[in-house]
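The values are calculated or read from the model by the stated rules, or taken from the named source; none is laboratory data. All of these numbers come straight from a predicted model, not from anything done at the bench. Positions of Cβ are backbone-derived with ideal geometry, glycine not excepted, and every protein chain shown enters the neighbour counts. Surface accessibility is based on the protein's heavy atoms, side chains included, excluding ligands, DNA and RNA. Shrake-Rupley method; radii C 1.70, N 1.55, O 1.52, S 1.80 Å.
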Amino acid sequence: VKSRVQHNKDYSVDMKDSKVVVVTVTYGDRLKYLFKMLERVFSEPEISRTFVVDNGSKSDLSSLSRRWGDRIRIIHMGRNKGSAPGYAVGIRSALEWGAEVVWLLDDDNGPEPGCGERLLSELERLGKESGRDKAIVCANRGDWIDVKRAFPPKSSFMRFHVKLLPYLLFKRLMEKRFKVTPLPPILDMPLCPYGGMMAYRAVFERFGFPREDFVLYGDDDEYTLRMSTQGVVIQQIRDARIKDLEPFWGTENNINLVYLAVLKVGADFRVYYGARNEAYIARVLHPGNLFMYECNKAIYIAFLFLLALLFGGFRRFFLILQAIRDGEAGRLGYNPKIPLP
C-alpha cells in the first residue's frame, strides 16, 4: 500500500453532463439498514438515482419507491444468487440506463456527510491523471482495517504468511508501546471492496463485470485485482468515510481471534464461500512460490486444528478443508450443499 501526497489543485466536478448512479445489493430482511443507507445517499446532491438489486429480499422494497419515486430502480433476482451476480446485474443495468459514474455500496453502508462529493472530486482528479478507464477511488471503511492482513505477501494462505508471525504475535504489544504512524490522506491500493468503490463507466466497459462463479466473498477482490494488475490505479480517500451500520459477523460473541471466529460464529455459507474463493485466488489466479504457499497452508490448518481441539468446532473445520479443496481445484459456482439464505 503506497501513499500519495494530497494535491492542492482544485479539481471541481462538473455534474451537468454526468449521471452518477449508486448500485447496491440486498437480501433477507435488511430494510432498516438499506433505508438508512439510501437516506444518506440521497442527501448527496450529485446522486441521480439508485439501482437496488433484490437478491431474494424478504422485505417490502416497494416502500423505497413510495419514498423516493423514480430515483429508485429495483431489480428482482428471484432468489439470493450471491453478491457477484447481484452486482454484475446492477452495474450492467446502471450502464444501460446511461450512468457515467457508478458508486457501489453495500446495503448496510452508512456514508458520512460529503462522502460521495469527496469521492467524485478525487475521481475527477485521478481520471485526468491516469485516464477515465484507469481510475477508481474508494471510501475509508474505518481505521479498524488491518492493512498487513488485508494485503498479505504473495504465497499467503487464507491471508496468513509466516512473514507476518512476528507482527501477529506482537501486534497489540507494539501498538501499546510505540506510536502508530498515521496513514496519509490518499493511499494506493492493490484492491478494494464493493462497498464505497466509485469509477467511471469506462472502467466497467473495459473490464466487464464481477465473476458470477465466485457467488459471494472474494469476488470484489478478484474484480479489482483484475483491474489493478492491468494498470488501473485504485486510491482510498481517507477523509471520505463510511461507517458500516451492521457489525461485522466475525465479531459475534466478542470473539476477537479471527481464526477462532471462523470455527465458532457466522453461517456456514459465509465461511465456505469465503475460504473457497480465497484459496482459488491465492492458488490459481495469483500464485506465488508453491513451496511457501504449502508451508503457510500447513501452519494455518495445524493452528486451526489445534483451536478446534481446544474449543470445539470440528464440523466447521472439515467444512473449511472441503472449501479449500474446492477452491484449489477450481470448483467454483453455486454449491447446492451450501445454500444461501
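The calculated pair-distance distribution of the chain uses every alpha carbon pair, bins of 20 angstrom beginning at 0, and gives 29, 59, 12, 0 percent.
Using a probe of 1.4 angstrom, how much of the accessible area of the chain is carbon and sulfur, in percent? The partial results should precede the final answer.
Details: 8990 of 16420 Å².
After summing per-atom areas, the C and S share lands at 55 percent.
The residue list 234, 318, 105 was ranked by how far each Cα lies along the charge dipole of the chain toward its positive end, using unit charges on Cβ atoms, and 318 comes out on top. Sorting the Cα pairs of the stretch 19-127 by distance into bins of 5 Å, from 0 upward, gives 2, 13, 25, 25, 20, 10, 4, 1, 0 percent per bin.
For the stretch 187-341, what number results from the quotient of the Cα radius of gyration and 2.2 N^0.38 Å? Each step should come with its number before you reach the end.
Working: Rg = 17.0 Å, N = 155, 2.2 N^0.38 = 15.0 Å.
In units of the globular-protein estimate, the stretch 187-341 measures up at 1.14.
Here the peptides 237-243, 56-62 are ranked by packing, the mean other Cβ count within 10 Å, and the order with the highest first is 237-243, 56-62.
Spatially, the stretch 34-83 and the stretch 291-341 are offset by 35 Å when compared through their Cα centroids. For the options 287, 193, 247, a Gaussian network treatment of the chain with springs between C-alpha atoms closer than 10 Å singles out 247 as fluctuating the most.
Think of it as helices only: each DSSP H run of n ≥ 4 in the chain is worth -39500 (n - 2.57), and spread over all residues that comes to -12500 deg cm²/dmol at 222 nm. Peptides 317-323, 303-309 ranked from most to least packed give 317-323, 303-309, packing being the mean of other C-beta atoms within 10 angstrom over each peptide's residues. Rolling a 1.4 angstrom probe over the protein heavy atoms with all chains in place gives the chain an accessible area of 48 Å² per residue.
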